[in-house]
Amino acid sequence: MLATLVGGAVGLSSSLLVDRTRSHRDKREQWLRTRLEVYVDYLAELSKAYENLWALSRGEYESSGQSPDAAAHSILRGGAIFQTRQRLLILASQSVRSAGDVAFDDIMRLRSVVGSGARADSPDFVSANKSYRSSMDVLRESIRSELDLPDEAIGRTASA
């Protein structure tokens, strides 16, 4: 009889342990999915703003007769970059927040350069563009590292 009770207690304990482990794993997976969604949204908003600023610097953006400064500001206000950034600041790890802040500062710098009337081939634009693209590389790498994505998942080989 004692053996039956002990066996039942062991079975119940192991069942509870498995359920608890599964629950923790499910919560972690949901947390990572939520972070990934925020990260992708933030990258997309930065990219959208960049593409529009680049088009404005080439004279290809419909600015409806606005000054370059007003058009550049309108580009960033027209998207969800500020709202998405707030989600990033709440949910991201410190390393992703830091990299995200640098990318945000760089897109703001690019906005100022384009808003001053700089063309895509101007030294000011080229410099701001280089900084922005570099900070985006760092941000993407920080996200990949945090999410522990295998190289195969991002189209890289181990030797690349």
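Below is a table of values for the structure above.
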item: Residue check, residue 82 among the aromatic types (Phe, Trp, Tyr), more than 17 Å from residue 134 (Cβ to Cβ) and in a helix (DSSP H, G or I); result: yes
item: Of all residues in region 142-157 being farther than 17 Å from residue 101 by Cβ and surrounded by 15 or more Cβ atoms within 10 Å (Cβ to Cβ), the one that is modelled with the lowest pLDDT; result: 147
item: Yes/no for residue 27 being of a type outside the set (A, V, I, L, M, F, W, C), in a helix (DSSP H, G or I) and modelled with pLDDT of 95 or more; result: no
item: Filter result for the condition that a residue is closer than 18 Å to residue 36 by Cβ, small (Gly, Ala, Ser) and within 22 Å of the chain's Cα centre (by Cα), over 128, 72, 80; result: 80
item: Residue in region 122-141 that is modelled with pLDDT of 95 or more, outside any helix (DSSP H, G or I) and touching a Ser or Thr at 6+ places or on another chain (Cβ under 9 Å) present; result: yes
item: Residue list for region 118-140, filter: within 18 Å of residue 98 (Cα to Cα), in contact (Cβ under 8 Å) with a residue 60 or more places away in the chain and of a type outside the set (A, V, I, L, M, F, W, C); result: 132, 140
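Every residue, every condition in (1) surrounded by fewer than 19 Cβ atoms within 10 Å (Cβ to Cβ); (2) under 28 Å from residue 145 (Cβ atoms), yes or no:
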position	(1), (2)
57	no, no
78	yes, no
92	no, yes
95	yes, yes
101	yes, yes
106	no, yes
114	no, no
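The values are calculated or read from the model by the stated rules, or taken from the named source; none is laboratory data. Just so it is clear, the model here is predicted, and its values are computed rather than measured. Heads up, the Cβs are rebuilt from the backbone with ideal geometry, glycines too, and the neighbour counts pull from every protein chain shown.
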